[in-house]
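The values are calculated or read from the model by the stated rules, or taken from the named source; none is laboratory data. Source: prediction; values computed, not measured. A quick note on method: Cβ atoms are made from the backbone with ideal geometry, for glycine too, and the neighbour counts reach across all protein chains shown. Surface accessibility is based on the protein's heavy atoms, side chains included, excluding ligands, DNA and RNA. Shrake-Rupley method; radii C 1.70, N 1.55, O 1.52, S 1.80 Å.
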Amino acid sequence: MLVVLGLTLVAAGGVLFKVPAELTGLPTLLVVVGACAVFFVAAGVWLWRKLPTNKTASGEAPDLSDDLAAHIPSFAIVLPFALLVMMVGRLPLANPSPVFGPAMLLAAMLFAVTWKLKVEWLPLIGLGCVTALEHAWQLRLFTVEVAIPALSWYLAFYAMFAAFPLVVRQFHQVTGPWVAAALAGPAQFFLVHQLVKAAWPNNVMGLLPAAFAVPALLGLVGVLRQMPAESPARMTQLALFGGSALFFITLIFPIQYERQWLTIAWALEGAGLCWLFHRVPHPGLRLTGVALLVIAFVRLALNPAVLSYHARSSLPILNWYLYTYGLVTISLFAGARLLAPPRERVLAIKAPPLLCTLGTVLAFLLVNIQIADFFAAPGTAALTFQFSGNFTRDMTYSIAWALFALVLLVPGLIKRIAPARYAALGLLGVTLLKLFIHDLAKLAQLYRVGALLGVAVIAIVASFLYQRFTSIVARPDENKTPPLPAP
């Protein structure tokens, strides 16, 4: 039977390519595609019913015919769509209705088979076939004159696949239809985005992913209302629609914004997802939130282009570096706070130490960037770091590093965070080496005294704090009340 299905596809393809490549051959093509679609689906359903797909009564594993029988409906659905793709490649169909109309009927037939036979993964296979057909037509035949009909078909397919599991209530405990419903939006979005960009270019393209996020959020609300809280499939369905909504919300920023605003938006969204994880404890939310925070850090710390986003303004300190690096740093520390134990594990990695480390590095970068920007000439196109040639700037770096080490040492002592203490002492040691080896060699006598005095005060304060900490740790707890003697 499978061989017959394959030969029928080959024969139908031969007929398609013999028909004249003009619209006069359209009725013949539609008849061929329709007849083959009915044959494929009818044969697939019949074969699926006749051949066993479960284990035998003795519990033995099914043989090859059983595995093939389980995939018969999939073959029956894919083959008619393959004919439609051939049809798109053959005819100059400027209007997509003659090919998208049969595809809509095939999708309706697919849902009927899914409903009757309860084959849960058919909607997902059908979504892939519809998306492939849409891409084949848009890449070859799309023009702005037919933007409205094409957009109408795209949205109709989106609504059809997204609403199916919410309307047919018998699929509450299976996964396939819900996966297709959640992926229907992303599958149609890229087509719609390219269509709108070509037909109606504008400066508010970020509204498009925002509009696509609304149905995903409505699907999330539908799951919350329809599915009982004790259902084992409820969390998966919430994650699917929540992930689809987050996908579109995340797309708003790269489509609408650029440069530092994109980085800020992703950092704030990452912190927001970590907060949402407290309300909807799905691991995907936590993973996505941490990933966005890490991406925001990489864009600011490991991207040299960030230093040339804007020319140096006339206002030092209160510039775009302050709010960009500052907000991302705050978001990193907020994410670490929100993922405190027992929520700290992300892919077997403790997220709070990672986020705190990235936040500290970003704060240190901000200090150095502000110093470099302060001493740069107004209008400088790209910011550069220079550690020689300017006495005031060199000493500012040294004092700022020492102060940063002191600030980093305080939480390391109070909260007993060993890595923070070691990092602070290491930075203070590097600062002293820089002072003695680099800075003092270029200073006059009076300036040397001042530089040594400033750094010495900071080092004394750090050593005093560290000594107090070690004495408290080493001192036995004298305030404990001794245990009462046993009666």
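Any residue at all in the range 134-151 that is over 23 Å from residue 18 (Cβ atoms), in contact (Cβ under 8 Å) with a residue 60 or more places away in the chain, touching a helix residue (DSSP H, G or I) at 6+ places or on another chain (Cβ under 8 Å) and not hydrophobic (A, V, I, L, M, F, W, C)?
no
When the range 385-404 is filtered for residues that are part of a loop (DSSP other than H, G, I, E, B) and either in contact with a Leu (Cβ under 6 Å, 6 or more places away or on another chain) or in contact (Cβ under 8 Å) with a residue 40 or more places away in the chain (or both), the ones remaining, listed by number, are 387, 388. Just one of the listed residues (194, 170) is assigned to a helix (DSSP H, G or I) and at pLDDT below 90, namely 170. Of all the residues in the range 306-325, those that are in contact with a Ser or Thr (Cβ under 7 Å, 6 or more places away or on another chain) and either under 19 Å from residue 266 (Cα atoms) or open to solvent by 40 Å² or more (accessible area, probe 1.4 Å) (or both) number 2.
Would you be able to tell me the number of residues in the range 339-393 that are under 25 Å from residue 279 (Cα atoms) and either open to solvent by less than 40 Å² (accessible area, probe 1.4 Å) or aromatic (Phe, Trp, Tyr) (or both)?
So the count comes out to 8.
Filter the range 402-420 down to residues that are over 35 Å from the mean Cα position of the chain (by Cα) and open to solvent by 30 Å² or more (accessible area, probe 1.4 Å) and give me whichever is modelled with the lowest pLDDT. Here the answer is 414. When residue 377 is tested against (1) farther than 25 Å from residue 280 by Cα; (2) within 21 Å of the chain's Cα centre (by Cα), exactly one condition is not met: (2). Here residue 168 qualifies as within 22 Å of residue 222 (Cβ to Cβ), surrounded by fewer than 21 Cβ atoms within 10 Å (Cβ to Cβ) and touching a residue at least 12 places away in the same chain (Cβ under 8 Å).
Among the residues of the range 274-309, those that are within 21 Å of residue 333 (Cβ to Cβ) and within 13 Å of the chain's Cα centre (by Cα) comprise 285, 286, 287, 288, 289, 290, 291, 292, 293, 294, 295, 296.
For beta carbons closer than 9 Å, sequence separation of 6+ or different chains, a first residue in the range 318-339 that is over 18 Å from residue 300 (Cα atoms) and a second that is surrounded by 18 or more Cβ atoms within 10 Å (Cβ to Cβ) and of a type in the set (Ser, Thr, Tyr), there are no qualifying pairs.
Here 444, 459, 451, 423 are screened, and the one residue that is modelled with pLDDT of 85 or more, open to solvent by less than 80 Å² (accessible area, probe 1.4 Å) and out of contact with any Pro (no Cβ under 9 Å at 6 or more places or on another chain) is 423.
Filtering the range 364-384 to residues that are under 24 Å from residue 330 (Cβ atoms) and part of a loop (DSSP other than H, G, I, E, B) leaves only 383. The one condition from (1) of a type in the set (S, T, N, Q); (2) open to solvent by 20 Å² or more (accessible area, probe 1.4 Å); (3) part of a helix (DSSP H, G or I) that residue 188 does not meet is (2). What number of residues within the range 251-305 satisfy the criterion of being among the small types (Gly, Ala, Ser), farther than 24 Å from residue 341 by Cβ and crowded, with 20+ Cβ neighbours inside 10 Å? Of the residues in the range 251-305, 1 are among the small types (Gly, Ala, Ser), farther than 24 Å from residue 341 by Cβ and crowded, with 20+ Cβ neighbours inside 10 Å.
Take the conditions among the hydrophobic types (A, V, I, L, M, F, W, C), over 14 Å from residue 383 (Cα atoms) and either open to solvent by 80 Å² or more (accessible area, probe 1.4 Å) or at pLDDT below 90 (or both) and apply them to residue 328. Does it pass? No; evaluated as a whole, the condition is false for this residue.
For the condition more than 30 Å from residue 178 (Cα to Cα) and either assigned to a helix (DSSP H, G or I) or modelled with pLDDT under 85 (or both), residue 264 qualifies. Scanning the range 200-250 for residues that are open to solvent by less than 20 Å² (accessible area, probe 1.4 Å) and not in a helix (DSSP H, G or I) returns 206, 227, 231, 233.
Taking residue 104, is it open to solvent by 50 Å² or more (accessible area, probe 1.4 Å) and in a helix (DSSP H, G or I)? Judged against the criteria, residue 104 is not a match.
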